[in-house]
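These notes concern the structure reproduced below.
The values are calculated or read from the model by the stated rules, or taken from the named source; none is laboratory data. Computed from a prediction, not measured in an experiment: that's the story for all the values here. Backbone-built Cβ (ideal geometry, glycine too); neighbour counts: all protein chains shown.
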Amino acid sequence: MIFKRTIFVTVFFAALAMAFVADVRADIYSYTDEAGVIHFTNRKPSGKSAKRYKVYMKTPSSRMARPGVTPVMASDSNPKRYTRYDTSILTASQTHLIPQAFIRAVIRVESDYDPNVVSVAGAQGLMQLMPATGKRMGCTDPFDPHQNIMGGTRYLRYLANLFSGDMVLTIAGYHAGEGAVRKYNGVPPYSSTLGYIEKVLKFYYHYKEKYPA
């Protein structure tokens, strides 16, 4: 299994992302209950041994618009898109030992399964790979669905190894960049990253029921 523990989300990430402005502290805590389930909360648990993710809200977004980039919004509304890439997702999951549910959650949040999406920052394809990251991960054509999924999943594997299997930091690193996680020694101080973590975890548990590891 990619991650060290099962995680159950109880923190209101979206509320945090909206409520805090520049230079305000918004720490997140995680703790394990008697059943071995990990919870996340924005309040320090009393009488429990908790891990703290230090977050300082400084900027509204970690993905800024770049000159020369022409954004392409998701436009594929065909319900078949959610199963169209099953073979590639399964192959990527088996190759890089990342749960299918996690790959699907990232794709859902990043592009809603539209392989032609381009973000304002220049991220491309199903898993919204930045050009430099895609090249590092061996993806020569980011708009080829199979290549994009293989490259994006390889990057998830890299991040999971880098952050010792910490799911939250893996997600944060995928969104804000590994350098940002290292710089702040935890979740980077971006409201959009908090919202991204919440969305990915939400879909991860949705897909986990159908695609158990």
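Per-residue answers, yes or no, for (1) surrounded by fewer than 23 Cβ atoms within 10 Å (Cβ to Cβ); (2) assigned to a loop (DSSP other than H, G, I, E, B); (3) touching a helix residue (DSSP H, G or I) at 6+ places or on another chain (Cβ under 6 Å); (4) of a type in the set (V, I, T):
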{"site": "Q147", "(1), (2), (3), (4)": "yes, no, no, no"}
{"site": "T170", "(1), (2), (3), (4)": "no, no, yes, yes"}
{"site": "G195", "(1), (2), (3), (4)": "yes, no, yes, no"}
{"site": "K210", "(1), (2), (3), (4)": "yes, yes, no, no"}
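If you go through the stretch 108-165 and keep only what is basic (K, R) and either under 15 Å from I89 (Cβ atoms) or in contact with a Ser or Thr (Cβ under 7 Å, 6 or more places away or on another chain) (or both), you end up with R108, R154, R157. Condition check for L201 on (1) touching a strand residue (DSSP E or B) at 6+ places or on another chain (Cβ under 6 Å); (2) not in a helix (DSSP H, G or I): one failure, at (2).
Each residue in the stretch 172-193 was checked for being crowded, with 22+ Cβ neighbours inside 10 Å and free of Cβ contacts under 8 Å to residues at least 40 places away in the same chain, and 3 of them qualify.
So, in the stretch 87-107, exactly how many residues are without any contact (Cβ under 8 Å) to a residue 40 or more places away in the chain and either surrounded by 13 or more Cβ atoms within 10 Å (Cβ to Cβ) or under 18 Å from Y205 (Cα atoms) (or both)? Total meeting the criteria: 1.
Which one is surrounded by the fewest Cβ atoms within 10 Å (Cβ to Cβ) among residues in the stretch 108-141 that are in a helix (DSSP H, G or I) and touching a residue at least 60 places away in the same chain (Cβ under 8 Å)?
Taking the stretch 108-141 as the starting set, the residues that turn out to be in a helix (DSSP H, G or I) are 108-111, 131-136.
If we keep only those that are touching a residue at least 60 places away in the same chain (Cβ under 8 Å) as well, we get 108-109.
Values: R108: 19, V109: 23.
That would be R108.
Identify all residues within the stretch 172-193 that are within 20 Å of S111 (Cβ to Cβ) and part of a helix (DSSP H, G or I); write none if there are none. Within the stretch 172-193, A172, G173, Y174, H175, A176, S192, T193 qualify. Do we find a residue being over 28 Å from G186 (Cα atoms), at pLDDT 95 or above and either within 14 Å of the chain's Cα centre (by Cα) or not in a helix (DSSP H, G or I) (or both) anywhere in the stretch 156-164? Checked the stretch 156-164: no residue is over 28 Å from G186 (Cα atoms), at pLDDT 95 or above and either within 14 Å of the chain's Cα centre (by Cα) or not in a helix (DSSP H, G or I) (or both).
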